[in-house]
Amino acid sequence: MRMESDAAQRRDAVLNRQAVIDAAAALLPADPDAGMQEIADAAAVGRSTVYRHFANREELFDAVAADVIGRGIAEVEEILAKADGVEDALCAIGELGIEFGLRYRFLYSHREEARAAVMRMTGDRGAPLWDFLNAAQERGEIRGDQPVAWIAKAQFEVMTAMIGDVLAGRIAREDAPELLGDTLVAMAIPSR
Amino acid sequence: MSSDEQLRSDAERNRRLVLEIATELLSRDPQASLQEIADACGIGRTTIYRHFPNRENLLEAVTAAIIDTARVETMAAVADPDPEIAIRGLGAASIDLALRYGRLFADRDGQSATYEAFKVDDTSPARRFLTTARERGAIRADMPVEWLRSVIQAVTFTAINEVDAGTSSIEEAVQLAGDTLVAVLLTG
């Protein structure tokens, strides 16, 4: 179709690419071994379209990981915007972390990227979680004797540990959110 | 001493030497070859093979030796009756042990049966300390010991990353980890 403009073609390509990522992110949690054909079917595109965007399964997984991490960050930002205080925010982030960690455990090999994303989110001024925690620290709502970056990094590792404990069956899924929330709060607000 | 006894005690001394040097070399460089270990011991490679028929065998012995060290040092670290001092000691010991030996286990995730057994060991000094401290009301009782161990591991891991990244000195990391662990384990 020569009539179709380049812009429209590009838009279709972007939409197709996102459709494949969405389909993979929806399909892989239940079936981590789903093949490229199944993912193409779920996205209602041809196999060749999938391969036009992703040379192989690994490239697709990378894109899904980036997408999931992006969504996680967006949800954290939403929590921070709506949270009723630090305790509320930490518990909600903990719950989100458990949910994401369990649902997307097929991305376990991408946990370094998730860690890097959290570091960017907490690492410095201008990063959403850093700003939130830093403002809370200035108001005296979280402990003032530790850098905010340390608190956030340690909290991320504790959250990762919880996901591991639930997956290993050491902690029951239904106990996890409260246990993690209490721990995250204790790390930030020692003497409540 | 008869010549048989002499031979046996030489063999025993060699075995201990190999184990000691191998532990040191392998925790710095997990890929160190048996030849490098033999050279560092000043003995032939065949002598190593006499004690440890293959690399896997040597690695298991090294792992067991490290676990013994970890046991002894952790036990000493939690000996203080003041729970805050014991918790800080536990944090400092696990950071120190991880900095010394962590590399050896980093790429061997789940590969060493000995190490796996240690991680779930009910008699490990850290778990015993947490269990008894919890029973006598010295640390929080509303969280399972299993989870408190996970928290200690996660905080240790954070501290090591800080040291590796050059963000904190070892002393600063130990202080931060200790403060965090005290906050989690003593409140509640």
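So is residue A:157 over 23 Å from residue A:84 (Cα atoms), surrounded by 19 or more Cβ atoms within 10 Å (Cβ to Cβ), out of contact with any Pro (no Cβ under 8 Å at 6 or more places or on another chain) and at pLDDT below 95 or not? Yes; evaluated as a whole, the condition is true for this residue. Just so you know, in segment A:156-179 the residues that are more than 9 Å from every other protein chain (Cβ to nearest Cβ) and out of contact with any Lys or Arg (no Cβ under 9 Å at 6 or more places or on another chain) include one that is nearest to residue A:111 (Cα to Cα), and it is A:168.
Taken across segment B:63-70, residues that are farther than 25 Å from residue B:96 by Cβ and open to solvent by 20 Å² or more (accessible area, probe 1.4 Å) do not occur at all.
Of everything listed in (1) part of a helix (DSSP H, G or I); (2) more than 30 Å from residue A:120 (Cβ to Cβ), the single unmet condition for residue A:45 is (1). Candidates in segment B:163-173 are the residues that are more than 10 Å from every other protein chain (Cβ to nearest Cβ) and closer than 12 Å to residue B:92 by Cβ; of these, the one that is least open to solvent (accessible area, probe 1.4 Å) is B:170. The residue of segment B:131-143 that is surrounded by the fewest Cβ atoms within 10 Å (Cβ to Cβ), among those that are without any contact (Cβ under 8 Å) to a residue 40 or more places away in the chain and in a helix (DSSP H, G or I), is B:135.
Looking at residue A:45, is it more than 18 Å from the chain's Cα centre (by Cα) and in contact (Cβ under 8 Å) with a residue 12 or more places away in the chain? Judged against the criteria, residue A:45 is a match.
On the stretch given as segment B:1-56, residues that are acidic (Asp, Glu) and under 23 Å from residue B:69 (Cβ atoms) total 6. As a summary of the residue check, residue B:78 satisfies the conditions (1) open to solvent by 40 Å² or more (accessible area, probe 1.4 Å); (2) of a type outside the set (Gly, Ala, Ser); (3) closer than 30 Å to residue B:132 by Cα except for the one numbered (1). Residue under question is residue B:27, and the condition is that it be out of contact with any strand residue (DSSP E or B) (no Cβ under 8 Å at 6 or more places or on another chain), crowded, with 16+ Cβ neighbours inside 10 Å and either part of a helix (DSSP H, G or I) or at pLDDT below 90 (or both); does it hold? Yes. For segment A:74-192, the helices (runs of 4 or more DSSP H) that sit wholly inside it and include 1 or more residues that are farther than 29 Å from residue B:146 by Cβ and in contact with a Gly (Cβ under 7 Å, 6 or more places away or on another chain) are A:128-138.
Beta carbons closer than 6 Å, at least 6 apart along the sequence or on distinct chains, pair a first residue in segment B:174-188 that is farther than 17 Å from residue B:93 by Cβ with a second that is open to solvent by less than 20 Å² (accessible area, probe 1.4 Å) and outside any helix (DSSP H, G or I) for B:188/B:140.
Residues that are in contact (Cβ under 8 Å) with a residue 40 or more places away in the chain and not small (Gly, Ala, Ser) were ranked within segment A:91-105; the one that is surrounded by the most Cβ atoms within 10 Å (Cβ to Cβ) is A:93. The sole residue among B:187, B:167, B:123 that is within 16 Å of the chain's Cα centre (by Cα), more than 21 Å from residue A:164 (Cα to Cα) and not small (Gly, Ala, Ser) is B:123.
Only one of the listed residues (A:66, A:24) is open to solvent by 60 Å² or more (accessible area, probe 1.4 Å), touching a residue at least 40 places away in the same chain (Cβ under 8 Å), among the small types (Gly, Ala, Ser) and assigned to a helix (DSSP H, G or I). That residue is A:66.
The values are calculated or read from the model by the stated rules, or taken from the named source; none is laboratory data. Here the structure is a predicted model, which is why all the values come from computation and not from measurement. Note: ideal-geometry Cβ built from the backbone for every residue, glycine included; neighbour counts use all protein chains shown. Heavy atoms of the whole protein, side chains included, go into the accessibility calculation; ligands, DNA and RNA do not. Shrake-Rupley method; radii C 1.70, N 1.55, O 1.52, S 1.80 Å.
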